[in-house]
1. I'd like to check something: does the range A:145-157 contain any residue that is crowded, with 24+ Cβ neighbours inside 10 Å and either in a loop (DSSP other than H, G, I, E, B) or of a type outside the set (S, T, N, Q) (or both)?
2. Tell me which of these B:Ile469 doesn't satisfy, since it passes every other one: (1) crowded, with 16+ Cβ neighbours inside 10 Å; (2) more than 14 Å from chain A (Cβ to nearest Cβ); (3) closer than 24 Å to B:Asp202 by Cα.
3. Hey, can you tell me all the residues within the range B:404-429 that are within 9 Å of chain A (Cβ to nearest Cβ) and in contact with a Pro (Cβ under 6 Å, 6 or more places away or on another chain)?
4. Residues being of a type in the set (Asp, Glu) and either surrounded by fewer than 22 Cβ atoms within 10 Å (Cβ to Cβ) or facing chain B (nearest Cβ under 9 Å) (or both): count how many of those fall in the range A:124-144.
5. Go through the range B:95-123 and report how many residues are β-branched (Val, Ile, Thr) and crowded, with 23+ Cβ neighbours inside 10 Å.
6. Can you name the residue in the range A:187-223 that is aliphatic (A, V, I, L, M) and assigned to a loop (DSSP other than H, G, I, E, B) and is also surrounded by the fewest Cβ atoms within 10 Å (Cβ to Cβ) among such residues?
7. Looking at A:Ser185, A:Ser235, A:Ser200, A:Ser245, which is the one that is within 14 Å of chain B (Cβ to nearest Cβ) and among the small types (Gly, Ala, Ser)?
8. Given the condition away from chain A (no Cβ under 14 Å), under 23 Å from the mean Cα position of the chain (by Cα) and farther than 30 Å from A:Lys383 by Cα, answer yes or no: does some residue in the range B:31-45 qualify?
Protein chains: 2
Amino acid sequence: MCFKMFVSLFLMVFLSNGIQVETLEQKYSLETRYIEVPLDHFTAIAAPKFFKLRYLINAKYHVKGGPVFVYTGNEGDISIFAQNTGFMFDIAPVFNALLVFIEHRYYGQSLPFGNGSFSTTENMRYLTTTQALADFAFVIEYLKKSFFENVISYDTHPFVAFGGSYGGMLAAWLRMKYPYSVIGSISSSAPVFYFPGMTSCDQFYEKVTTVFEKYGREQCVKTIKLAWDVIINLSKTKLGMDFISTTWKLCRKLKGPEDVEILLNWLSNIYVNLAMVNYHYPTDLYAPLPAYPVKVFCDKITTSYFNDTKGLIEHFSHALEIYTNYTGKRVCNNINSTFEEYAELAWDYQRCTELVMPICSTDADMFITKPWDYEKYSYDCYKKYGVKSLPPDWAILAYGGKNLKYYSNMIFSNGMMDPYSCGGVFHNLSATVWSFNISDAPHQIDLRNSDVADNNYVIGARSFHIQAIKQWLNMV
Amino acid sequence: MCFKMFVSLFLMVFLSNGIQVETLEQKYSLETRYIEVPLDHFTAIAAPKFFKLRYLINAKYHVKGGPVFVYTGNEGDISIFAQNTGFMFDIAPVFNALLVFIEHRYYGQSLPFGNGSFSTTENMRYLTTTQALADFAFVIEYLKKSFFENVISYDTHPFVAFGGSYGGMLAAWLRMKYPYSVIGSISSSAPVFYFPGMTSCDQFYEKVTTVFEKYGREQCVKTIKLAWDVIINLSKTKLGMDFISTTWKLCRKLKGPEDVEILLNWLSNIYVNLAMVNYHYPTDLYAPLPAYPVKVFCDKITTSYFNDTKGLIEHFSHALEIYTNYTGKRVCNNINSTFEEYAELAWDYQRCTELVMPICSTDADMFITKPWDYEKYSYDCYKKYGVKSLPPDWAILAYGGKNLKYYSNMIFSNGMMDPYSCGGVFHNLSATVWSFNISDAPHQIDLRNSDVADNNYVIGARSFHIQAIKQWLNMV
């Protein structure tokens, strides 16, 4: 249960609190297309099944002969990720590039069995990174043939992969497994090393804590640590649960220990998300947030509460609203909130089967101490989905662990203040597999559209990407 | 039906005619080991299944710190391929190398469901190149951990992949998909380009014909071409079928058109095999053969037979014995012969599902004219196995087609007189993806043990390989 909310971290960053925003079509004029892709790319069967995979195209900046920039979709509706990858739109004119955003199977509109995609274990078995990568290669191959049918050497027509977070892992893996498909990959905040045996479990929460220490006022981390016991103790009585439920405007009152567990996860998750989106300028995409939301959050809870349980809960209420209700329009907070039911389920399944990222909290961080237990994690997953996690060393076997020296044309950029940087690539791994570490930056800021408030670090990262692409395309 | 025998071409080369030979253990002192590997490397399921994969080890020449030379097994019992890859044994002392030969799943003793491995379509679904490559990577990872547990950076401990024919395709694909697993690959006579859209269907039989033209006496090809009609016409009557059956010592008399079809395929197959094993020195591994068996075969059939049907059948009988019964000990010829039932079935299944290699005969070759028809081929396969072939462009998508320029440390060697060279790599594809074309050479001669009769071309090829491995291991 513990990671039920944690597992959707990647996507939560982009989540709306229900506020209507400008549509993707209005903003970036993307054309929606669908392509029939094989459900199973690798196995011969009696009646091969296909399903509709969605992809989005922008040909506004494309000039014949120009490259294709392809975004390898994440764990959610592809339009959300297209909207948050303004960098591709910003640089398309420089390269005369065609833009393509491919949705990940089992997310958004790309559900292999429609509403039944998650109804049985059998229906979910095709939700693997191996199949997803083959989808991307399949679509790219199709585009090379159809869109560029007049290109003589279509198989060398340059496609460049882009991806952020999990999408960045996929962009890198696509370049690794299908280098004939894309000429290079730009992976922003992609925790490709965040697997058992490669990154220790305490790193993630320690990085979140570091962000709060750096950007929050003195005592912030201490107060957050103190709060766990206060909440837990208060929740031992009905009166206490009612008080928290009312003060924090929960949509449904806490009823017992299980609800409290959910509440604690919800809270952890908010801290994590605040750290990830701790951008240096206000963001206003889905949930309006101030610049440096961690700082603003911390500003609200720096009183001393040692003998003031009620005061702490009340102050936290105001602080949490920075994240949950900055506009003041939200009526209540649903701590079980599933913004997009299928996406959360699919992602949780992926985290259970392949993407097992070790996480634990220790005395060194501001979270409730909790060990990492692969066996327990795997068993909990088994109870949920009826399948066993792949073996812990699966990622090392499937994607090379840290031994990536034989690859080429890959960039891994990390926001050094992004919790997921704990699983990132921090050193150049070959002559053309590069790491770019962006000081003071949160999660995948370099893939966002340029902003007047961008600092030199972010501008530098984007220049680095542009320069690399030019090299890959023999433009320099 | 036409390709029923053709499909086992690769392996037929090494086939015994039932004669007992020195065991592998006696000759090369290989230790047999087994390892439990996942039946499905990619999918999370309720109760993950494992099966025993066999591998053979020779540590005789190994000195601590030395590399590991690993042979990626073909479509058959791994011991046969180990016995035919003397090159690895010959050079092991130079490198202090450990030798490992890994059996391919569904062959030899590595049957996932034992005797039931081919009893249902469901049981056969795990027979894919994708799973086989994952097996190899799995075993290598295991060896790196177990055998070299005292090696600090085990994940960079150098393994070099070797493979001939289909095993050579796998060695190359292993390097392509798992470059962190092996530092380089040596693929001999590996038709990695022999797929729809990459190699035209007439190339294979044309190359066989070229071999007979070059090594056979004048009129040989003409006589072989003439013989088809003679056999077909003669087989139209019971008398004719009986005559052929008796003269060619068939174990079972020909009964009708279906048997005749099998006979014609058996004959085609012998021509193909003769061309493949047309070594310049006598080979005496399973079936003793003279040097240049194509020449010896042709010497027997160069009389003029235009009005002598019986004479032609009789002379062919003697000629065929060069291949079928050089020692004179064989009692009869089984044209349905399945040397190793499972291997033939497994290979036929692979040729039906993934490894669809277009083959046709035209007026330009010495075979019966027959077009290539992917749809028909696929339909025939469907009738046999109840599964559809993967799409024709599958190999381009899965293994990059001819666009291999982003890879490194790969060698593709071709015997220029090997029929399978038609699907080989003939040009260097990157700074370290090399082609080495061995003049006048048949199928995968460079992987055989050195012989006093080796010519300079073969010696050159082996020196090339040794030099490359030294470079990969930073020994030069």
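1. As a first pass, look at the range A:145-157 and keep what is crowded, with 24+ Cβ neighbours inside 10 Å: none.
Taking every residue of the range A:145-157 in turn, none turns out to be crowded, with 24+ Cβ neighbours inside 10 Å and either in a loop (DSSP other than H, G, I, E, B) or of a type outside the set (S, T, N, Q) (or both).
2. (3)
3. Filtering the range B:404-429 down to residues within 9 Å of chain A (Cβ to nearest Cβ) leaves B:404-409.
Selection gives B:Tyr406 alone.
4. Keep residues of the range A:124-144 that are of a type in the set (Asp, Glu), which gives A:135, A:141.
Add one more test, that the residue is either surrounded by fewer than 22 Cβ atoms within 10 Å (Cβ to Cβ) or facing chain B (nearest Cβ under 9 Å) (or both), and what stays is A:141.
Result for the range A:124-144: 1.
5. Within the range B:95-123, the first condition is being β-branched (Val, Ile, Thr), and the residues that meet it are B:100, B:102, B:120-121.
From what's left, crowded, with 23+ Cβ neighbours inside 10 Å: B:100, B:102.
Within the range B:95-123, residues that are β-branched (Val, Ile, Thr) and crowded, with 23+ Cβ neighbours inside 10 Å number 2.
6. So in the range A:187-223, the residues aliphatic (A, V, I, L, M) come out as A:190, A:192, A:198, A:208, A:211, A:221.
If we keep only those that are assigned to a loop (DSSP other than H, G, I, E, B) as well, we get A:190, A:192, A:198.
On the way: A:Ala190: 30, A:Val192: 25, A:Met198: 17.
So, considering only residues that are aliphatic (A, V, I, L, M) and assigned to a loop (DSSP other than H, G, I, E, B), the one surrounded by the fewest Cβ atoms within 10 Å (Cβ to Cβ) is A:Met198.
7. Details: A:Ser235 fails: within 14 Å of chain B (Cβ to nearest Cβ); A:Ser200 fails: within 14 Å of chain B (Cβ to nearest Cβ); A:Ser245 fails: within 14 Å of chain B (Cβ to nearest Cβ).
One residue alone meets the criteria, A:Ser185.
8. Yes, that holds for at least one residue.
The values are calculated or read from the model by the stated rules, or taken from the named source; none is laboratory data. Since the model is a prediction, treat every value here as computed from it, not as a measurement. In this analysis, Cβ positions are derived from the backbone assuming ideal geometry, glycine residues included, and neighbour counts consider all displayed protein chains.
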